[in-house]
Amino acid sequence: MASKTRKKRQGTAVDQAAGQPNGLALQLQVPAKPIHFKQTFETYPAGAYTHEELGLSREDLLAIYRNMLLQRRFEERAAQMYGKQKIGGFLHLYIGEEAVSTGSAWSIKIGHDSVITAYRDHGIALALGMTANECMAELFGKIDGCSRGKGGSMHFFKAEKKFFGGHGIVGGHVPLGVGIAFAHKYREDGGVCLTFFGDGAMGQGVVHEAMNLAALYKLPVVFIIENNQYAMGTAVWRAFANTEFYRYAANYNMPGALVDGMDVFSVIKAVRKYVALAREYQPSVLEIRTYRYRGHSMSDPAKYRTKEELEAKKKEDPIIRLKSYLLQHGLSTNEELDAIDGEVKKEVQASVEFSEKSPYPPLASIYEDVYVQPDYPFLA
Amino acid sequence: MAIMQFREAIRAAMIEEMERDERVFLIGEEVGQYDGAYKVSEGMLKRFGPKRVIDTPISEAGFAGLGIGAALNGLRPIVEFMTFNFSFVAFDQLVNNAAKIRYMSGGQFKIPIVFRGPNGAAGQLAATHSTSTESIYSYFPGLKVVAPSNPDDAKGLLKSAIRDDDPVIFLESELMYGMRGEVNEDPEYLIPLGKARIAREGEDVTIVAHSKSYWIAMEVADRLAAEGYSAEVIDPRTIRPFDFDTVVQSIKKTNRCVIIDESNPFASVSSEVAFQIQQRAFDYLDAPVLRVTAKDTPAPYAKNLIEYYMPSADAAYEACKQVMYVD
Ligand SMILES: Cc1ncc(C[n+]2csc(CCOP(=O)(O)OP(=O)(O)O)c2C)c(N)n1
Ligand SMILES: [Mg+2]
């Protein structure tokens, strides 16, 4: 499979199929016969992979399980804290989508490779190993938050993890992912950039500009479309003439693949493969299909979908899936998994206490971080 | 007269104008099936159908441009931005196409379009979701900019904006949508663009404030009144064109002025108003014009910082006392 894609990269398969052999500056010949354009896209369905074939040990699996559960419990608590008005502004929960963040984080070299995403960013932050403390404190708007209380839920950042943020303008960060990848290639440091965005972002022109740039300059980036079926209240089919997002890859002569985001194994299998390609400067587009259980934000009652739809998706829950796998394969016991849950809950509870105690940022800090220049003359 | 929420007044203006004129339609994110992200367009899809209430993908540059194109070709679109923060991805459409095509075509085309939606900060939404855009859009000749402070003005001004033959940026606020007030129900009730409202007459100091800041001005005027000072409060209602005459007339009486504006201070509405005042009323001023604005920084998330960031009634009160030389 890998070799097939490599061939494409050299421009044999894709380009010739479109009737455009490489190497000619001008293409003036119009063929007499209709042009048939053919493209193959890999798929990574759920339930198709075993931990052995992914080379994951029992310990790896438990760590993956723990990480997904940490995201879930963290956000459940965050929702409660929002209700108590400890958290303000927008709070967008990732619950249901944890296999995407954890699977992706387990497929890169954290701290070496880069990650950038949109505002639904708590999951990936915790997947990259940011602490519940610094994340919860940011939600509380406290000085010990990962962004010193300046950014809030939508704007988590962590330089040491090469996590270039949570971003609030739909699609706006996608070219940044391309630029981060550009810097990796420029420095030849072997790093890649995972660039996450939602299905809704596919409506932004800048996303398409970014894809073309990445493909044109052969940059080490993997575009990961987290297709959770909705952009706020708009179902994908109501907003796109072509809802098969992986296919957009073909427009930019990149490989594209479709991945089931409710199975962390499928995510790991796919992201590893395309990260490896990116290291050889072949960008790609992964459409990962997933589902958000909660409303778009805390104020959204999600009336645009049926209970049945939600319940059906919950049956594919990525955490429950991994739990069943562990039990079925005799890799763990209910007791052990419950103990992990207990630990995670404690960790999250501790993060709430930590955030309560953490001070608010001092008022003078409002003028910090605007410029690097220390004595910038602000207007009073 | 009826008591209406701000959002209902805007809805009423849109409904009346759509019933009056076939060419008017509404387009934007979540305006139809979702009934509006802030429920401004609630029920409008049902009433007018999908031909005239149109849901879009998250493609601001695309649908803003679509609106301008439709206006060039004879329609009168209302384009809703979920918030004006997102108008920045459509900036080229607004400032190059909407603002300049009439000029560049030597007057062959007109662009009767309204871009509307919430503007400015609305709590702990952090830096990208808290921008006050009135100074930015007022910069561009070719655009008109309106920023009402209450439901009645919202209705009367929006109707005028929709009937106006030039592109209008119409700035609302998430925090005001629930505000109630008396609204004139006459379908021909129009408030002219470019005309300020003297909301409260006074002798001792003139306070100029639009949109949410207007309510700070009224609060400060009350506090001053309790101490025996009378403030004249002017709500400009339209930022471009700006009714400088009304402000200057007032200053000739009070000899002092404080401007309250949620924008960042540098090169902002308050800068221009203060400039015009010193040029037109220099001899009448007994004190420098002061202003109370957002801080000269991006908007922070933390609760204490965003409160500190926003112009406050306390700061405006202090500014008034300062120009009156009392403590
Ligand atoms: C340019 C822009 N337009 C509109 C918004 C308001 N908005 C915030 S999230 C969102 C939906 C995005 O959906 P999607 O990209 O699918 O991500 P998801 O929320 O599903 O994770 C919208 C319309 C925005 N933040 N930026
Ligand atoms: Mg989505």
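Whether any residue in the range A:154-165 is away from ligand 1 (no atom under 16 Å from the Cβ), modelled with pLDDT of 95 or more, among the aliphatic types (A, V, I, L, M) and closer than 25 Å to A:Ser284 by Cα is what I want to check. Checked against the condition, which is being away from ligand 1 (no atom under 16 Å from the Cβ), modelled with pLDDT of 95 or more, among the aliphatic types (A, V, I, L, M) and closer than 25 Å to A:Ser284 by Cα, the range A:154-165 yields at least one hit. Within the range A:166-194, work out how many residues are within 16 Å of ligand 1 (Cβ to nearest atom) and part of a loop (DSSP other than H, G, I, E, B). Of the residues in the range A:166-194, 8 are within 16 Å of ligand 1 (Cβ to nearest atom) and part of a loop (DSSP other than H, G, I, E, B). Within the range A:138-193, if we keep just the residues that are touching a helix residue (DSSP H, G or I) at 6+ places or on another chain (Cβ under 8 Å) and free of Cβ contacts under 8 Å to residues at least 12 places away in the same chain, the residue that is surrounded by the most Cβ atoms within 10 Å (Cβ to Cβ) turns out to be A:Ser147. Restricting the first member to the range A:84-96 and to residues that are within 14 Å of another protein chain (Cβ to nearest Cβ) and within 17 Å of A:Ile169 (Cα to Cα), and the second to residues that are within 16 Å of ligand 2 (Cβ to nearest atom) and not basic (Lys, Arg), the beta-carbon pairs closer than 7 Å and six or more apart or on different chains are A:Phe90/A:Met154; A:Phe90/A:Ser297; A:Leu91/A:Ser297; A:His92/A:Tyr119; A:His92/A:His296; A:His92/A:Ser297.
Report yes if B:Glu22 is assigned to a loop (DSSP other than H, G, I, E, B) and within 16 Å of ligand 2 (Cβ to nearest atom), otherwise no. Even if it seems obvious, please write down each step before you answer.
Numbers: assigned to a loop (DSSP other than H, G, I, E, B): yes; within 16 Å of ligand 2 (Cβ to nearest atom): no.
In short, no.
Considering A:Ser355, A:Ser297, A:Ser332, which residue is within 30 Å of B:Tyr38 (Cβ to Cβ) and part of a loop (DSSP other than H, G, I, E, B)? So that I can check it myself, show each step before the final result.
Numbers: A:Ser355 fails: part of a loop (DSSP other than H, G, I, E, B); A:Ser332 fails: within 30 Å of B:Tyr38 (Cβ to Cβ).
Selected residue: A:Ser297, the only one of A:Ser355, A:Ser297, A:Ser332 that is within 30 Å of B:Tyr38 (Cβ to Cβ) and part of a loop (DSSP other than H, G, I, E, B).
Can you tell me which residues in the range B:25-45 are part of a loop (DSSP other than H, G, I, E, B), within 16 Å of ligand 1 (Cβ to nearest atom) and in contact with an Asp or Glu (Cβ under 9 Å, 6 or more places away or on another chain)? Across the range B:25-45, the qualifying residues are B:Glu29, B:Glu30, B:Val31, B:Gly32, B:Gln33, B:Tyr34, B:Asp35, B:Gly36, B:Ala37, B:Tyr38, B:Val40, B:Ser41.
Within the range B:175-211, restricting attention to residues that are in contact (Cβ under 8 Å) with a residue 40 or more places away in the chain and touching a Gly at 6+ places or on another chain (Cβ under 8 Å), the residue that is nearest to B:Arg237 (Cα to Cα) is B:Ser211. B:Ile111 falls short on exactly one of the conditions (1) in contact with a strand residue (DSSP E or B) (Cβ under 7 Å, 6 or more places away or on another chain); (2) away from every other protein chain (no Cβ under 14 Å); (3) crowded, with 19+ Cβ neighbours inside 10 Å, and that condition is (1).
Listed here are the residues, each with its yes/no results for (1) surrounded by 20 or more Cβ atoms within 10 Å (Cβ to Cβ); (2) more than 12 Å from the chain's Cα centre (by Cα).
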residue: B:Tyr139; (1), (2): no, yes
residue: B:Leu158; (1), (2): yes, no
residue: B:Tyr177; (1), (2): yes, yes
residue: B:Pro187; (1), (2): no, yes
residue: B:Leu190; (1), (2): no, yes
residue: B:Ala209; (1), (2): yes, no
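Within the range B:39-66, take every residue that is crowded, with 23+ Cβ neighbours inside 10 Å and over 14 Å from B:Pro77 (Cβ atoms) and give me the one that is farthest from the other protein chains (Cβ to nearest Cβ). By that ranking, first place goes to B:Val40.
Somewhere in the range A:70-84, is a residue part of a loop (DSSP other than H, G, I, E, B) and either at pLDDT below 95 or at negative phi (or both)? Reasoning before the result, please.
Within the range A:70-84, the first condition is being part of a loop (DSSP other than H, G, I, E, B), and the residues that meet it are A:84.
Now restrict to residues that are either at pLDDT below 95 or at negative phi (or both): A:84.
Within the range A:70-84, one or more residues are part of a loop (DSSP other than H, G, I, E, B) and either at pLDDT below 95 or at negative phi (or both).
Highlighted here are the strands (runs of 3 or more DSSP E) found entirely within the range B:132-209 that include at least 2 residues which are farther than 19 Å from B:Gln93 by Cα: B:180-183, B:197-200, B:205-209. Of the residues examined, A:Phe197 is not one that is within 14 Å of the chain's Cα centre (by Cα), away from ligand 1 (no atom under 14 Å from the Cβ) and surrounded by 20 or more Cβ atoms within 10 Å (Cβ to Cβ).
The values are calculated or read from the model by the stated rules, or taken from the named source; none is laboratory data. None of these values were measured; they are calculated from a predicted model. Cβ coordinates were reconstructed from backbone atoms using ideal geometry, including for glycine residues, and neighbour counts include every protein chain displayed.
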